[in-house]
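Quick notes on the structure that follows.
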Amino acid sequence: MTDGKPLLLLDIDGVFSLFGFAFDKPPAGSWHGIDGVLHFLSSTTAGHLQRLGEWFEPIWCSGWEEKASEHLPALLGVPVLPHLTFARNPGKARAHWKLDAIDAYAGAERPVAWVDDALDDACEAWAAQRARHAPTLLLHTLPAVGLTDEGVDALIAWAAGLAPAAAPPRA
């Protein structure tokens, strides 16, 4: 654990790479070609990650894996972050395909907040299970909207409610 901060698992598609919005009323952001795929990247990403980084240890929890830090820092001005590596491709399954990698990285004792647009019943069961001793927060996003200011505020409020070690350093 870094400086006693809780872990923040961040998906990308549906959180920072938005889809499903009305093309005549897009959210704030811009289109980018990434490895031959067109992505609409939210312009709020850098600001959100800066605020969240004061309270959390962020990590990419996305099928993008290492591609996130290969592309997003240059496109959005976000920091290079570590990433989880998954044992298999996501395929038709939803977020539960991430759970083995999350458990291996976070363990049962570390507080975890997970932001994803594809959280399902398996994720809810994992977060509520008795084997997971640490506080766990799941924040579901809508893929056309992604992570909002209200979502960031909720994450920070949750982290602030944890042990005092989770508080950001005072200047």
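What follows draws every value from the coordinates through simple rules; no lab data is involved. These numbers were taken from a predicted model, which means no experiment stands behind them. Cβ coordinates were reconstructed from backbone atoms using ideal geometry, including for glycine residues, and neighbour counts include every protein chain displayed.
Hey, how many Å between the Cα centroid of the stretch 14-74 and the Cα centroid of the stretch 100-118?
When both Cα centres are located, 20 Å separates them.
Restricting the calculation to Cα positions, tell me the Rg (one decimal) and the Dmax (whole number) of the stretch 1-115 in Å.
14.5, 46
Can you compute the charge dipole magnitude of the chain about its Cα centre, using +1 on each Lys and Arg Cβ and -1 on each Asp and Glu Cβ, nothing else charged? Give it in debye, rounded to the nearest 20. Please list the in-between numbers first.
On the way: 12 positive and 21 negative charges, 40 e Å.
For the chain, the charge dipole is close to 180 debye.
Applying the Karplus parametrisation 6.51 cos²θ - 1.76 cosθ + 1.60 with θ = phi - 60° to the phi angles of the stretch 118-124, what ³J(HN,Hα) value in whole Hz is obtained for each residue in order, glycine and proline being reported as x?
Each residue's phi maps through the Karplus curve to give 10, 5, 10, 4, 5, 5, 4 Hz.
Provide the per-residue ³J(HN,Hα) series for the stretch 17-22, in order, calculated from phi with Karplus coefficients 6.51, -1.76, 1.60 and θ = phi - 60°, each as a whole number of Hz, with x at glycine and proline positions.
So the Karplus estimates, Gly and Pro as x, are 9, 8, 7, x, 8, 5 Hz.
Taking H as built 1.01 Å from N, whose amide H comes closer than 5 Å to the amide H of Trp114, not counting residues under 5 places away?
For Trp114, whose amide H was placed from the backbone, the distant partners under 5 Å are Leu9, Leu137, Leu138, Leu139.
Residue-wise, which Karplus ³J(HN,Hα) couplings in Hz belong to the stretch 7-16, taking 6.51 cos²θ - 1.76 cosθ + 1.60, θ = phi - 60°, and x for glycine or proline?
7, 10, 8, 10, 6, 10, 5, x, 10, 10
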